[in-house]
Amino acid sequence: MAPEVAEGQPCGPKADIWSFGIVGIEMVEGEVPYWIETPVSHQLLIATGERRKLQQPEPLSPWLRDFLRCCLQTNSLRRWSAKELLQHPFVTSAKPASILAPCIIAGRKKKEETGM
């Protein structure tokens, strides 16, 4: 929940950017940020600007860490827009999805061979 939503303020597309950043953390860490807190303390943490830090940021690329930082700015005016995020080096330096095809094919072949 974006800070502006937790505060009962009007929200727009940048609330979705916050959620996108939270999903990014979930994907990296395998758990939901703020999961252990109660709903009330969860809202309080967000509304007061308390951000849960990445548990193990070291293995992540500096670009990914910065991308998440840009998504999770507490102040929605400082939070990047989708258009800005698409120009972030984390996105612009990404390899094309087509490079995954050989890996997927090899994985399927191995799965067929091993019956797993």
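Suppose we filter the range 1-19 for residues that are part of a helix (DSSP H, G or I) and either closer than 22 Å to LEU64 by Cα or at pLDDT 90 or above (or both); how many remain?
Final tally of qualifying residues: 8.
Here's a check for you: in the range 25-60, which residue that is farther than 13 Å from PRO3 by Cβ, acidic (Asp, Glu) and assigned to a loop (DSSP other than H, G, I, E, B) is modelled with the highest pLDDT?
Only one residue tops the list, namely GLU58.
With respect to ILE22, determine if the residue is modelled with pLDDT under 90 and not small (Gly, Ala, Ser).
Working: modelled with pLDDT under 90: no; not small (Gly, Ala, Ser): yes.
So ILE22 does not fit the description; no.
Under the condition of being over 23 Å from the mean Cα position of the chain (by Cα) and of a type in the set (A, V, I, L, M), which residue from the range 64-116 is modelled with the lowest pLDDT?
MET116
Could you check how many residues of the range 72-116 are under 30 Å from MET1 (Cα atoms), surrounded by 10 or more Cβ atoms within 10 Å (Cβ to Cβ) and charged (D, E, K, R)?
2
The values are calculated or read from the model by the stated rules, or taken from the named source; none is laboratory data. Computed from a predicted structure; not experimentally measured. We place every Cβ from the backbone using ideal geometry, glycine too, and count neighbours over all the protein chains shown.
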